[in-house]
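Chemist: Provided herewith is a single structure, encoded as structure tokens, for subsequent inquiry.
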Amino acid sequence: MAKPSATKNAGAPQTGTDVAIAPKKTPPREAAVEALMRLAAEQPWNDIEVGDIAREAGLTLAEFRDLFPSKGAVLGGLAKMIDRKVLDADNTDLADEPTRERLFDVLMRRLDAMTPYKEALRRISFAVRGDPLSMLALNGVALNSHRFMLAAAGINTEGPLGRLKLQGVVIAFARTVEVWLHDDDPALARTMARLDKEIRNGERFMERADDARRLTAPLRALGRSLMDRGARRHSGDTRNEDEGNPLGGDPAAAI
């Protein structure tokens, strides 16, 4: 019997188990982030160079430079990856929950998304703790991320108290992460207790801030009125300054 020709099916469409499915290639930005996290989990943060990250990610220095301007910027890339994982989750089950519960759930989901990088984050946290410039830069990254975390929890960050609310949740989460980094209990009981405490403290602080803002609204309105008068005098405005309500049409509108 003649042997089957090795080229018998050459060029013919392959079907079934004959088709080899190539593994999905990791996008370069994600590859760089994952590479940095692997390196940071094994060696001191200050020993890691951009060339090390590029080699670990299978990128040239030129390719890495197109993606990130620095090693620290890769941490911003990690934050975006974590943001995406949390925001891609189905949050419809939170719609009927109280605000506190919605925020608690969203932030716990963030910690879950951070878990694969826990050892690297522990080492990085220790390394940058004494570097004010790095801490300031990371705070800016955290503000951007938590704006979306609060949005996912249905919490408004606009208005006069929005910035205060946003910075407050960044601080609360950072304090929670300090516990989480050293919490090896699979149930994360200490971490959840700390997060619950931080959220409750934040609620009380925002209530006091809102009360203070309401109480000082007439004074702020009066201050704006006096500044307007000074501006009109300087510009030669001859209108009667005593005409109408000196606080404006409705002082409550300043609240």
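Throughout, read-outs are computed from the coordinates displayed, never taken from laboratory work. Remember, it's a predicted structure, so these values are computed and weren't measured experimentally. All Cβ positions, glycine included, derive from the backbone under ideal geometry; neighbour counts span all protein chains shown.
Chemist: Please order LYS85, LYS24, LYS71 by the number of other Cβ within 10 Å, starting at the fewest.
Modeler: With the sparsest Cβ surroundings first, the list reads LYS24, LYS85, LYS71.
Chemist: If I model a spin label at SER125 and GLU178 as a point 7 Å from the Cα along the Cα→Cβ vector, what separation in nanometres do I get?
Modeler: My value for the distance between the label points is 1.0 nm.
Chemist: In nanometres, what is the gap between the two model label sites at THR99 and ARG190, each 7 Å from Cα along Cα-to-Cβ?
Modeler: 3.1 nm
Chemist: Highest first, please rank the peptides 52-62, 157-167 by the mean number of other Cβ atoms sitting within 10 Å of their residues.
Modeler: Put in order of decreasing packing, that is 52-62, 157-167.
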